[in-house]
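What follows is a short report on a single structure.
The values are calculated or read from the model by the stated rules, or taken from the named source; none is laboratory data. What you see is a predicted model; the values in this text were computed from it and never measured. Note that each Cβ is placed from the backbone with ideal geometry, even for glycine, and that neighbours are counted across all protein chains shown.
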Amino acid sequence: MLSKSAARTFFLLGTVLCTGAFVVLTVDTFGRIPEQTRAEAITPEVIHGKQLWEQYNCMGCHTLFGEGAYYAPDLTLVYARRGPMFIRAMLTDPEGMYPGERRMVKYDLTPVEQDALIAFFEWTGQVDLNGFPGPATIGLAGAGARPPSAFTAPAVFQQVCTACHAVDGWGGKVGPSLDGVASRYDADYLRRWLEDPKAIKPDSRMPRLELTPEQITELVDYLSTLEAAEVGR
């Protein structure tokens, strides 16, 4: 049993050591913040996006950096997972992207505000969170691992199209499966459809995406490889 003097000494030394360790760890943590948060990338546009995030209370539905609500998808890595085109389309018209399925409010954001939020999401995806929440996977996982055809798809297909469509059982289920689409439609039809779905089918649920000519060509070339013979591979 310690004497009063020994107990006092033990207490004082323990307090000093613990306090010292706390100070060292605190200094080390603050020293890591600029690099881990990529402080040099926090532009006025990113700051504007953060202000809009707070102004519209996005955290009331979404999660960011592990904080927020779980009513809607986590957006920490949304830029890497979905890309700027998908984000802009959702910010422009959520209902148009998922007719009758999404309850996200249409905020009528200006192009400048959309750019700011996209820049903010790009920055959040580059913050070093020590492995949290895990690497972003492009598209939606179906029953099992991504098929080989998913890896050969252009980025715009993996980021945008798989939100609604599936190939070989991998992707979304909002729209029809694209397995064998090349056996049903020729390249010219696919191109015209991608340019403006409603011009071909006025009651189509697919929105008109702001695809560049290069992206349309990439998509047509890829879709043209999805022959019926590949279904169920």
Find all pairs meeting these conditions: Cβ atoms under 8 angstrom apart; at least six residues apart or on different chains; first residue within region 72-83 and crowded, with 21+ Cβ neighbours inside 10 Å; second residue in a helix (DSSP H, G or I) and at pLDDT below 90.
81/159; 82/159; 82/163
Can you find a residue in region 172-185 that is at pLDDT 90 or above, in a loop (DSSP other than H, G, I, E, B), crowded, with 20+ Cβ neighbours inside 10 Å and in the same structural domain as residue 218 (by TED's automatic domain parsing)?
yes
Can you confirm whether region 205-213 contains a residue that is assigned to a helix (DSSP H, G or I) and out of contact with any Gly (no Cβ under 8 Å at 6 or more places or on another chain)?
yes
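With respect to residue 66, determine if the residue is surrounded by fewer than 17 Cβ atoms within 10 Å (Cβ to Cβ) and not assigned by TED's automatic domain parsing to the domain that holds residue 119. Even if it seems obvious, please write down each step before you answer.
Numbers: surrounded by fewer than 17 Cβ atoms within 10 Å (Cβ to Cβ): yes; not assigned by TED's automatic domain parsing to the domain that holds residue 119: no.
So residue 66 fails the test.
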Among the residues of region 58-84, which ones are outside any loop (DSSP other than H, G, I, E, B), of a type in the set (A, V, I, L, M) and at pLDDT 90 or above?
59, 64, 78
Matching option when the condition is modelled with pLDDT of 90 or more, of a type outside the set (Val, Ile, Thr) and under 26 Å from the mean Cα position of the chain (by Cα), among 196, 168, 188, 128:
196
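Quickly run through region 75-121 and pick out the residues that are among the charged types (D, E, K, R) and within 9 Å of the chain's Cα centre (by Cα). It would help to see each step written out before you state the result.
Of region 75-121, the ones among the charged types (D, E, K, R) are 81-82, 88, 93, 95, 101-103, 106, 108, 113, 115.
Hits for region 75-121 are 81, 82.
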Exactly one of (1) at pLDDT below 90; (2) assigned to a loop (DSSP other than H, G, I, E, B) is unmet by residue 108. Its number?
(1)
For residues that are closer than 22 Å to residue 65 by Cβ and touching a residue at least 60 places away in the same chain (Cβ under 8 Å), tally how many sit in region 99-121.
8
